[in-house]
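The values are calculated or read from the model by the stated rules, or taken from the named source; none is laboratory data. Note that the coordinates shown come from a computational prediction; the quantities given were computed from them, not determined experimentally. Please note: Cβ atoms are built from the backbone with ideal geometry, for glycine as well, and neighbour counts cover all protein chains shown.
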Amino acid sequence: MDLKFHIACQNCDLIHELQYLKKKEVAKCSRCKNDLYLKKDNFIDRTLCLSIAAIIIFIPANLFPILSMSAIGNTQANSLITGVIELFHGGNYFVSILVLMTSIVLPFISISTLLYAMISIKLDRPLPHVGYVFRFNEHIHNLVMLEVYMLGILVALTKLNSIAEVIIGLGLYCYILLLLLTIFSTLSYDNFVIWKRIEQWAR
Ligand SMILES: [Zn+2]
């Protein structure tokens, strides 16, 4: 294995040539002392499990009711999917597409592309186009802002609570779990090791 690689500081863009790090070693930028790279050990099984769990919980998070509201004798339960459909039928086309993309489509692509790359790493053989898939994952995960969406739901809940009786549904708990699993799976993997493996397969 080639033991040297180049990495740019995310803080000041200075390029460094690094040696392959040992366990729990951290590389720091020589100019601004920002962390350049932290080696993560035994991440393959951990990331694989987290992404499998995320893809499973994705289904109830989207299908089960996020909340039920009762006002003036009417009770209505809404899941993310039915919420998107209702927004669309109500003529809020832009908002419905935005919610669909940010809360359903992008998170799904992000989780499934990471899972695909991790299966390939675990099997230690290249699945078709794994390099493109993993690059796409790296681009997309900057766009996935589940936590922002979560905050929106919580703000809406507090506001709705003053005009109607709001019961939190199973979907919301699943969504919180999905949020945590997504964050932990993104934090758990070592993209240097993954890229190194993909590069070796491409040779
Ligand atoms: Zn720096």
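Quick notes
- Only listed residue being more than 16 Å from the chain's Cα centre (by Cα) and more than 27 Å from PHE192 (Cα to Cα), chosen from LEU100, LEU127, LEU123, LEU80: LEU80
- Qualifying positions in segment 145-203 - acidic (Asp, Glu) and either on the phi > 0 side of the Ramachandran plot or touching a Leu at 6+ places or on another chain (Cβ under 9 Å) (or both): GLU147, ASP190
- Any hit, segment 67-80, residues being β-branched (Val, Ile, Thr) and within 23 Å of LEU151 (Cβ to Cβ): no
- Condition check for LEU172 on (1) of a type in the set (A, V, I, L, M, F, W, C); (2) touching a helix residue (DSSP H, G or I) at 6+ places or on another chain (Cβ under 6 Å); (3) farther than 18 Å from LEU115 by Cβ: one failure, at (2).
- Among residues of segment 179-203 that are free of Cβ contacts under 8 Å to residues at least 60 places away in the same chain, those with a beta-carbon under 6 Å from a residue that is part of a helix (DSSP H, G or I) at least six positions away or on a different chain give the pairs LEU179/LEU146; LEU179/MET150.
- Enumeration of residues in segment 119-141 that are more than 21 Å from CYS49 (Cα to Cα) and at pLDDT below 90: HIS139
- Taken across segment 54-64, residues that are at pLDDT below 90 and under 17 Å from LEU177 (Cβ atoms) do not occur at all.
- Within segment 56-73, the set of residues being surrounded by 18 or more Cβ atoms within 10 Å (Cβ to Cβ) and in a helix (DSSP H, G or I) comprises ILE57, PHE58, ALA61, ASN62.
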